[in-house]
There are 2 protein chains.
Amino acid sequence: MWAYAGQKHRVNTDLLIEREKASFDLTELTYIVDGGPQKTRRRRCIQTLALNDTDFQEKDPAFLSRDEQYTSIVRRSTLLVKKLKELNLTDMSDQDIYRQAALRMKNSIFTVHDSMVIPMLQTQADETQKRKWLPKALNYEIICSYVQTELGHGTFVRGLETTATYDPSNQEFIINSPTLTSTKWWPGYSGKSANCCILMAQLCSQGKKYGLHAFIVPLRRFDDHELLPGVKTGDIGPKLGIGSNDNGFCRFDNVRIPRENLLSKYSKIDPDGTYHPPNNDKMVYTGMVLSRIALLALSAQMLDVGCTISTRYSAVRRQTELTPGGEEPQIIDYQSQQLKLFPQLAAAYAFRFAVHDIRTRCDQIQADIKSGDISSLQELHGLSAGMKSFICLSANLGLEVLRLSCGGHGYSQASGFPAIYGVVTGTVTADGEYSVLMLQTARYLVKCVAKAASGEKLPHSIAYLTTKPESKCPAKSENDILDLETLVNAYKHRAYRLVNEAARQLTQGIQAGKPQHEAWNDSHVYLIKAADAHCHYYTVMNFVQYLQSTEMSQPLRDVLTSLCQLYALYGIESNAGDLLQDGYMSGEQISMVTNQVVALLAVIRPNAVALVDAFDIPDEMLGSILGRYDGNVYENLYKWAKESPLNQTEVHHSYHEYLKPLLTASPVDAKL
Amino acid sequence: MWAYAGQKHRVNTDLLIEREKASFDLTELTYIVDGGPQKTRRRRCIQTLALNDTDFQEKDPAFLSRDEQYTSIVRRSTLLVKKLKELNLTDMSDQDIYRQAALRMKNSIFTVHDSMVIPMLQTQADETQKRKWLPKALNYEIICSYVQTELGHGTFVRGLETTATYDPSNQEFIINSPTLTSTKWWPGYSGKSANCCILMAQLCSQGKKYGLHAFIVPLRRFDDHELLPGVKTGDIGPKLGIGSNDNGFCRFDNVRIPRENLLSKYSKIDPDGTYHPPNNDKMVYTGMVLSRIALLALSAQMLDVGCTISTRYSAVRRQTELTPGGEEPQIIDYQSQQLKLFPQLAAAYAFRFAVHDIRTRCDQIQADIKSGDISSLQELHGLSAGMKSFICLSANLGLEVLRLSCGGHGYSQASGFPAIYGVVTGTVTADGEYSVLMLQTARYLVKCVAKAASGEKLPHSIAYLTTKPESKCPAKSENDILDLETLVNAYKHRAYRLVNEAARQLTQGIQAGKPQHEAWNDSHVYLIKAADAHCHYYTVMNFVQYLQSTEMSQPLRDVLTSLCQLYALYGIESNAGDLLQDGYMSGEQISMVTNQVVALLAVIRPNAVALVDAFDIPDEMLGSILGRYDGNVYENLYKWAKESPLNQTEVHHSYHEYLKPLLTASPVDAKL
């Protein structure tokens, strides 16, 4: 392990022993996790720059008020802009590594500005607009948010109420929030930070509505940050997590912007108000797809963090007797604890390889789009919607298991879990809530079933829908059940059956005379389950393909194979009903599955700490006392507690105000 | 609905219509929920007293710093003591109702003092000690915490390290924290509030250790709250929730207390140090049982709160199109939304009836104990340990589903969910972590299997283990599968099989030559599953028995029967593998189960709002804008947001410090 500033102390003996036990080369796995030795080296180099820079140091946010958290992130965000310029770090992925380290995994107030607004200007602004706005945005002369969601309207964008009505007499758009529910709500960094926004509003001209369009709308004066006339904006108040983000509200009362502020690469309006629609509305997909991939990657990364914390802590923590009168064992030696930790660890690796694959496809498809080919966009949309739901919810539930596995101390903010949970659980509903996105994937899958029936060729990840899979699992022994192909086939069978079952439910509804939308609603239960099964299949299949197509040493291959088997078998056990119901698996085979899950826990046990060390997350980014690399948990919990704001004085001021008048002790008692 | 102060506004039309739809008499159900009309009337009367008392009003804690939250709870706790005295509310259950309303579901800083310390003094102190300490405690001349858990030691009490060594020369005990890990950690209200504690420490005398005993140890001077010599105590820092609780740490360095401070009803020490052990150590159980029942009841109540919030909000919220071009429907009309809400609503009722039953048994057993009969204590211990795990974890996961069902707004603190989650998720690990307690129940069940095999009679809730249940589910039609007896039998079959399977795994291990403890550890997976299946059976069986044994009108019986069916069928669907594996149910029967789950969602839909209204939770205690009785969600979200500390000024101070230097706008742009 390379040493960061914070990791040079004496290491807890239990952790030392764990690390010596590893059967594989840690560095080899870290290279795989990063995507190659070059990438590991570059990441470490950039992280070290940021972590060693004392300007970025800050108190634990757990001890800060919301105002202090926000102020601190403003300070560090502006600092980040300067440092990135000084270091000349222009590559987006380098910037991302530096930002995560400098801000300890938090977002800067420029996150939306950098990752959504600038790309939107680049792809949806016309040349004149680009010349005007891009330099300002790139130089941070403006800070611009993306403002879409409304108080009463979320995922259904056609329902958004904010209007931009064209007034040909002045060649201006008049922006209005016609109702309370049309108040813009949730946009990130837009309550107090942004002075400008890309606003999504219904374009109206010549008495007609033309649907949602993007407008550049200044919110605050650029010289003193005061609100512009007709604009009301502010913070929407504290949330479950992410106190540093000033998610905002915005209301518009006859706010006028020039005609040129409609982003006009695709749709245009003439001075007289004549509207020209876009040639191609599929492009809207790209932004959503990118943002969903970012969310699922974030959740997957946070699961790595959670696994690191809980696995290390479980090796340090000793509790209860295993042998009567003997030493209290490390809690990682309890089977019940392993059952909490290792399936999540297996999922963390499964998701990491899924993220690798989805990102690669996405890069490819973006390249295709630039060269005019949008044929794969639909597959990516279908995959990313479902996988965003699947990974974000799985990571959320998994992190809850991991936090609870740390017992009481997991509940302390010192564990880091409350903050991680605050981030991850937000991803489940952000940018398309779980069911809504699963249903989008289900819609795509049902279409694919119809295509398959008519003999059409389906893209790679959906190709299994064209051929009816085998109807019985061939495994005869506990050893057979570990076979990777057998496992993939089980998931393939399940997905095939459930997708076709959902399609059948839908068709039956329609044949029984229900209108399409009613039949669709009445099949939600089946459709969501089908989409989930598809995502699960994809994740298992991709893990296996990764193992098959990647060169690695045999010891490492053995360990990753065990993780892959555990991920697949644990999933089968959790969904045993689906495989038993149509007789694909027998009761006896399910018993084999359970036995092998139990057996794999013991197989993974000696490598558990090394498997989380390989994620190579520096302590400063882990943000957890329980997960420290050196394992010195207890002394640092004690040190941390002393920093609690309530401990500023030995006797809290509320004693004098309220408690003393109640506790009327006699002088004799006082001597006790 | 009776009107509280906050509930007199115009009610949202959608909610009005929902309320008119109810097929049953709301009041009848509220009486059932409370346990009778008298109880409902008394609860409402006491709640109204507390809610109308403006002295208890406070800002939303979401807007307060930790220090302000703590100060506020100290203020209101001392006020509570005064008001209870003024009102002469002496009954514990009346006090509890008043406290919950006055403190808006929060605990007072005297919670541990009132509910643990005073009962301990009453049952474990000798007569002299009672005369000395009880009046002080009852008059709040002292505030006393219960101090057991240590930094390095939780559920395994024998591992606790704090020592109380008897010194006959002064007839004193010397209290010490010999190691860092022996630092007391987590005790409630003991960081800053308590000036005294009941300390659990290892008694040492004449060179021997006599195990854990309870001592009265002053922590702070009773006249000015300064720490006593040798005592270090303070707040352990912020947690995931419950910011108002100063969970504390305590270290002791040669702290001397008189010999008389050992609680001496059961064990005693002579002046010369001769130790007299207790006659009966089973009594230790009672305290733990009571505290676990309190935790499961709290979690169940919080699930009621969560159901109320999300169901009302789902009736108010409109989103997306159901019919093309039509009005956006209430989201409660989406099948996917119903699948989130209604199984949790069914669970809330199932748990409420379980709590009723457990409390009744507990009262009975406490009466038995007073008359010297402790025969039922073991059954109650076995039931309460598992049910604490089962209800607290189910409520925790259920509340997560409910919060996510509110989409983005559920993530806002305005929803109330973050605070509820902060309370409930703490109960999963508090006073015995999930697996530890499930394993305690499993141990009891495995013993019962052995007893059953030897023909011994088993107590009521375990009696099913004596007879092998039917081996096939007899249901032939979708109608058969709704039969309550059929459903109970399915759960009975599952529990019987899994408990016996776990016992078999354990025996096999021992027969294969493993030491008992190793065989036990290697069977954790099976044992925990068995205990869970037992608790699930108990919950379903109890729901059905409640329906069978309680008089109610037919319309109400119909509704509660549907909820009972949904609770049972949803559980079967979620655990289908267990019932398919040994052929108890066929794939076809599981399809019937799924179809009936879907059908029941539609059956419950018209009564959903009335079913949560019947919990009769006043808005002030709900603490949620989304769940308001009047459904005026959006205007109040807007009003609430304006109170956010970040909105105190239009331009946040961080702009001048950090942002302005970065954003160097030109005068021309400023006009935009």
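The values are calculated or read from the model by the stated rules, or taken from the named source; none is laboratory data. These numbers were taken from a predicted model, which means no experiment stands behind them. Ideal geometry is used to build each Cβ from the backbone, glycine not excepted, and the neighbour counts take in all protein chains shown. All accessible areas refer to the heavy atoms of the entire protein, side chains included, with ligands and DNA or RNA removed. Shrake-Rupley method; radii C 1.70, N 1.55, O 1.52, S 1.80 Å.
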Nearest 0.05, what FRET efficiency do A:Glu635 and A:His656 give at R0 = 30 Å with Cβ-Cβ as r?
-> 0.35
How would you rank A:501-507, B:440-446, highest first, on the average number of other Cβ atoms within 10 Å across their residues?
-> B:440-446, A:501-507
With a ≥ b ≥ c the root eigenvalues of the C-alpha gyration tensor of chain B, is it rounded (a/c under 1.5), prolate (a/b larger than b/c) or oblate?
-> oblate
Every other copy gets compared here: list the nm distances from the A:Thr360 label point (7 Å along Cα to Cβ) to its counterparts, shortest first, one decimal.
-> 6.3
How large is the dipole of region B:307-401 about the Cα centre if only Lys and Arg carry +1 and Asp and Glu carry -1, each at its Cβ, rounded to the nearest 20 debye?
-> 180 debye
What is the sum of charges around B:Ala125, taking Lys and Arg as +1, Asp and Glu as -1, for the other residues whose C-beta is under 11 Å from the C-beta of B:Ala125?
-> +1
Accessible area of B:Arg497 in the full protein assembly, 1.4 Å probe (Å², nearest 10) | 50 Å²
So which residues in region A:212-228 end up with at least 50 square angstrom less accessible surface once the other protein chains are there, compared with the chain by itself, probe 1.4 angstrom?
-> A:Phe222, A:Asp223, A:His225
How long is the gain from A:Lys514 to A:Ser371 if the chain were fully straight, where each residue apart is worth 0.36 nm and the alpha carbon distance is subtracted?
-> 47.2 nm
What does the helix-only formula give at 222 nm for chain A: each DSSP H stretch with n ≥ 4 adding -39500 (n - 2.57), the total divided by the residues, and the result rounded to the nearest 500 deg cm²/dmol?
-> -17000 deg cm²/dmol
Tally Lys/Arg at +1 and Asp/Glu at -1 over every other residue whose Cβ is under 11 Å from the Cβ of B:Val651; what's the total?
-> +1
Just read off the accessible area of A:Asp223 with the full protein assembly in place, 1.4 Å probe, to the nearest 10 Å².
-> 70 Å²
What is the average number of partner chain Cβ atoms found within 10 Å of a Cβ in B:631-638?
-> 4
For region A:415-530, size of Cβ-based charge dipole, Lys and Arg +1, Asp and Glu -1, in debye | 400 debye
Peptides A:629-636, A:273-280: what's the order by average Cβ count within 10 Å, highest mean first?
-> A:629-636, A:273-280
Centroid-to-centroid separation of region B:110-189 and region B:419-451 [C-alpha atoms, Å] | 25 Å
Whole-percent carbon and sulfur contribution to the accessible surface of region A:523-653 (1.4 Å, no ligands, DNA or RNA) stands at 50 percent
Once you have a ≥ b ≥ c as the square roots of the Cα gyration tensor eigenvalues for the protein assembly as shown, tell me rounded if a/c is under 1.5, and otherwise prolate or oblate according to whether a/b is larger than b/c.
-> rounded
Sorted shortest first, the nm distances from the B:Asp272 label point (7 Å along Cα→Cβ) to its counterparts in the other copies are 11.8
Using alpha-carbon positions, what is the distance between the centroids of region B:292-325 and region B:549-570, in Å?
-> 19 Å
Exposure of A:Glu620 as accessible area (Å², to 10), given a probe of 1.4 Å and all protein chains | 50 Å²
Counting only protein heavy atoms with a 1.4 Å probe and every protein chain in place, the carbon and sulfur fraction of the accessible surface of region B:297-432 in whole percent equals 53 percent
When you look at the Cβ of every residue in A:313-322, what mean number of other chain Cβ atoms sits within 10 Å?
-> 3
Take the Cβ-Cβ distance between B:Thr123 and B:Thr27 as r, set R0 to 41 Å, and report the resulting FRET efficiency rounded to the nearest 0.05.
-> 0.55
Counting DSSP beta bridges with both ends in chain B, the antiparallel % (nearest 5) | 80 percent
On the accessible surface of region A:25-157, probed at 1.4 Å, how many percent belong to carbon and sulfur atoms?
-> 51 percent
Which distances in nm, rounded to one decimal and ordered from shortest, link the label point of A:Thr48 to the equivalent label points in the other identical copies, with labels set 7 Å from Cα toward Cβ?
-> 7.3
Contact order normalised by residue count of chain A, Cα under 8 Å, 6+ apart, percent | 16 percent
1.4 Å probe accessible area per residue over chain B, in Å² = 37 Å²
Given a Förster distance of 25 Å, the FRET efficiency implied by the Cβ-Cβ spacing of B:Ser169 and B:Asn254, rounded to the nearest 0.05, works out to 0.95
Cβ crowding within 10 Å averaged over residues, with A:346-357, B:313-324 ranked highest first = A:346-357, B:313-324
Would you work out if region A:393-493 is rounded, prolate or oblate? Take a ≥ b ≥ c from the square roots of the eigenvalues of the alpha-carbon gyration tensor; rounded if a/c is under 1.5, else prolate when a/b is larger than b/c, oblate otherwise.
-> oblate
Interface A-B: total buried accessible area (1.4 Å probe, Å², nearest 100) of 12200 Å²
What average number of partner chain Cβ atoms lie no more than 10 Å from the Cβ of the residues making up B:504-517?
-> 1
